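Comments concern the structure below.
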Amino acid sequence: LPVYVVMGFDSLHGYTQFPPPPYFGATIGRYANRIGGAKFTLDGKTYTLDKNDGANSLHGGFHGFDKVMWKAKPAVATGLQNIEFSYLSKDGEEGYPGNLTVMVSYTLTNDNDLRIHYSAIADQDTVINLTNHSYFNLSGHDAGEILDHVLTINADRFTPVDGGLIPTGELRKVEGTPFDFRQPHSVGERIGAKDEQLTLASGYDHNWILNRKGTGLEFAARVSDPKSGRVIECLTTEPAIQFYTGNFLDGSFKGKDGKPYVHRGALTLETQHYPDSPNHPDFPTTTLKAGQQFDSTTVFRFSTQQ
Ligand code: BGC
């Protein structure tokens, strides 16, 4: 029998049900993670977004890229398993400016790399932050908590948040905190530590600033599961990664084979720009200028260890 290492549903209905499930396996856009106060100013104009997370906008709004129908086409020319999705997000959709044409392709290589490539172009200046919201449990989608998974994140700093999970603007060193995953630690080792940031997010749900040498594909994170020996390495061209421990899962969503998806039953590795960047001019910019090509790649490299 196959072992599913990501959470998901057996049919489309699972993804379109109400209340909406929390982005299982979804492409997130136009803006991954939160925009504080659900508004931002660009070229002197203020844009208002959906408040779908308290006072803030999360993952593109009520009807983000996870809720729309994409065109799909297999691109077999490379000889690899490959599928390409495209979508036209119209000017004003979910409050964002500009017609944005976006493409996302998934390629499974012969080395067990799942390569996700994003490209986009807009006819007006806009903001963009795209990610993939897969929930991984390397023991299996229904195997219970991921607290024994062992994690490394290639980051010296992270962005602390306020009560609404919006970055305060501080770039904080991970050193001496439960956020230091520069050496491998189990997810659960420090998740219950007395730490203001862990309390605010009910666990890990933060943006780590990746240590980078340049702009290419570089090592971001590694997760291994001592039980199954399965390993994922994550490489990306993005400057940051949201590591989230499924703190808001509570068993109410029944996924593949009708299995309940329990609290901390999976983790996400969401490569991205920093949350709320449009309201933080000192963060790496998420502005996409009219006619400029957006390009981003993330690889999930699957392997096994003894
Ligand atoms: C966010 C979480 C949110 C989750 C699912 C993550 O990217 O950081 O706060 O609950 O997505 O909605």
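Throughout, read-outs are computed from the coordinates displayed, never taken from laboratory work. Note that the coordinates shown come from a computational prediction; the quantities given were computed from them, not determined experimentally. Neighbour counts run over all protein chains shown; Cβ positions are idealised from the backbone, glycine included.
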Residue check for Asp43: buried (at least 16 other Cβ atoms within 10 Å of the Cβ) and of a type in the set (Asp, Glu) = no
Looking at the stretch 167-204, which of its residues are aliphatic (A, V, I, L, M), away from the ligand (no atom under 16 Å from the Cβ) and touching a residue at least 24 places away in the same chain (Cβ under 8 Å)?
-> Leu171, Val174
Looking only at the stretch 249-306, which residues are in contact with a Pro (Cβ under 8 Å, 6 or more places away or on another chain) and either exposed (fewer than 13 other Cβ atoms within 10 Å of the Cβ) or of a type in the set (Gly, Ala, Ser) (or both)?
-> Gly251, Ser252, Ser277, Pro284
Subset of the stretch 87-118 (residues that are aliphatic (A, V, I, L, M) and surrounded by fewer than 17 Cβ atoms within 10 Å (Cβ to Cβ)) | Leu88, Met103, Leu108
Within the stretch 52-66, identify whether any single residue is more than 16 Å from the ligand (Cβ to nearest atom), at positive phi and of a type in the set (Gly, Ala, Ser), and answer yes or no.
-> no
Sole residue being touching a helix residue (DSSP H, G or I) at 6+ places or on another chain (Cβ under 8 Å) and in contact (Cβ under 8 Å) with a residue 12 or more places away in the chain, chosen from Gly61, Gly98 | Gly61
When Trp70 is evaluated against the numbered criteria (1) under 19 Å from Gln272 (Cα atoms); (2) without any contact (Cβ under 8 Å) to a residue 60 or more places away in the chain; (3) of a type outside the set (Lys, Arg), which criterion, by number, is the only one it fails?
-> (1)
Is it the case that some residue within the stretch 155-173 is assigned to a strand (DSSP E or B), touching a Ser or Thr at 6+ places or on another chain (Cβ under 7 Å) and closer than 20 Å to Asp282 by Cβ?
-> yes
Single condition Lys71 does not satisfy, out of (1) over 20 Å from the mean Cα position of the chain (by Cα); (2) charged (D, E, K, R); (3) within 16 Å of the ligand (Cβ to nearest atom) = (3)
Output for the stretch 1-26, where each listed residue is without any contact (Cβ under 8 Å) to a residue 24 or more places away in the chain and under 22 Å from Arg230 (Cα atoms) = Leu1, Pro2
Within the stretch 27-45, identify whether any single residue is in contact (Cβ under 8 Å) with a residue 40 or more places away in the chain, within 12 Å of the ligand (Cβ to nearest atom) and farther than 16 Å from Pro278 by Cα, and answer yes or no.
-> yes
Considering only the stretch 1-55, how many residues are touching a Phe, Trp or Tyr at 6+ places or on another chain (Cβ under 7 Å) and polar (S, T, N, Q)?
-> 2
Options Lys227, Lys213; residue that is surrounded by fewer than 17 Cβ atoms within 10 Å (Cβ to Cβ), without any contact (Cβ under 8 Å) to a residue 40 or more places away in the chain and under 23 Å from Asp113 (Cα atoms) | Lys213
All positions within the stretch 261-295 that are of a type outside the set (Phe, Trp, Tyr), in a loop (DSSP other than H, G, I, E, B) and within 16 Å of the ligand (Cβ to nearest atom) | Val262, His263, Arg264, Gly265, Ala266, His273, Pro275, Asp276, Thr286
Just give me the residues in the stretch 165-184 being closer than 30 Å to Lys51 by Cα and surrounded by 15 or more Cβ atoms within 10 Å (Cβ to Cβ), in sequence order.
-> Leu165, Ile166, Pro167, Leu171, Arg172, Phe179
Would a scan of the stretch 205-223 turn up a residue that is within 13 Å of the ligand (Cβ to nearest atom), part of a strand (DSSP E or B) and hydrophobic (A, V, I, L, M, F, W, C)?
-> yes
